[in-house]
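The next block holds one structure in the form of structure tokens; read it before the comments.
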């Protein structure tokens, strides 16, 4: 707190205001005191004004405008150490460089690419229709030329690459250049990219509102992502016939990771959701729901009974992941 001392008669004289000028000749002591109070108040007002003016030089200046970005598709690069990383940026036709809009980051699976995820997930069309900005990063070669992600418990990208830092740098760059609603930043991923979504939901839980996980896991054995410290809602898709990442312990899939039901339950506990509150069963899909978490967070597990490892596109599967993901994201901004 800033304090301006009360001026005395001696101090007003130092300011060039002789005490004899403050009162009329013949004034009583009471009148003299009243004039002194008025002068003291005026001096205090002057002091506050002089203190506020230099502060406005720092805090009263508006932020510089962001660069104008036309709607369209862009390929952006970021230098990460000795590696130049890339991502696809798509701004929808309704983007006007004024209104803040949601941001969705989509992470491809092992051996795929940003370009492939752009074409098969359905999120490109959804972004254009719903008016959110879509970012699709590229992983780095880990197994041969196959691009993947380093998730902490399973590193399938290039050695010593920090994909959490890469994502943080993308967020910083996009939020610097575009009008992003920081309460509506979301992450989706498929397979190894789904594991990345879990990792980012943990490491960047202060910035991410919700994640969407398709055919992923929170970990393998005793190794798993840290979990969110700030509540992050999650919608999780997994096919029971997945032969790449096991749905549960009854599966003979290649990767015996922590099961989808256990991943959902564990994340819900991290969010403070408590026990499963609702199960809706159909012939082809089972929905398990964990509600009433901290910050109104929610975790939903979508089990596709005959589903495999492929992204659910709604043509060969009973649900279209893109539709359910965006509906879930819209309902779960950061509190």
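Scan segment 131-148 and report the pairs whose first residue is outside any strand (DSSP E or B) and whose second residue is surrounded by fewer than 23 Cβ atoms within 10 Å (Cβ to Cβ) and at pLDDT below 95, with Cβ atoms within less than 8 Å and a gap of 6+ or a chain change.
Close Cβ pairs satisfying both conditions: 131/94.
Look through 123, 178 and report the one residue that is within 19 Å of residue 211 (Cβ to Cβ) and at pLDDT 95 or above. Let's see the steps before the verdict.
Working: 178 fails: within 19 Å of residue 211 (Cβ to Cβ).
Answer to the check: 123.
Looking at segment 205-224 only, could you name the residues that are under 17 Å from the mean Cα position of the chain (by Cα) and more than 14 Å from residue 104 (Cβ to Cβ)?
Residues satisfying the conditions are 205, 206.
Is there a residue being more than 17 Å from the chain's Cα centre (by Cα), in a loop (DSSP other than H, G, I, E, B) and within 22 Å of residue 191 (Cα to Cα) anywhere in segment 86-104?
For segment 86-104, residues more than 17 Å from the chain's Cα centre (by Cα), in a loop (DSSP other than H, G, I, E, B) and within 22 Å of residue 191 (Cα to Cα): absent.
Of all residues in segment 275-295, which are in contact with a strand residue (DSSP E or B) (Cβ under 6 Å, 6 or more places away or on another chain) and under 19 Å from residue 229 (Cα atoms)?
The one that is in contact with a strand residue (DSSP E or B) (Cβ under 6 Å, 6 or more places away or on another chain) and under 19 Å from residue 229 (Cα atoms): 290.
Tally time: how many residues in segment 60-93 are closer than 26 Å to residue 129 by Cβ, surrounded by fewer than 14 Cβ atoms within 10 Å (Cβ to Cβ) and modelled with pLDDT under 95?
Result for segment 60-93: 2.
The values are calculated or read from the model by the stated rules, or taken from the named source; none is laboratory data. All values reported here derive from a predicted model rather than from experimental measurement. Quick reminder, even Gly has a Cβ in these numbers, built from the backbone with ideal geometry, and neighbours come from all protein chains shown.
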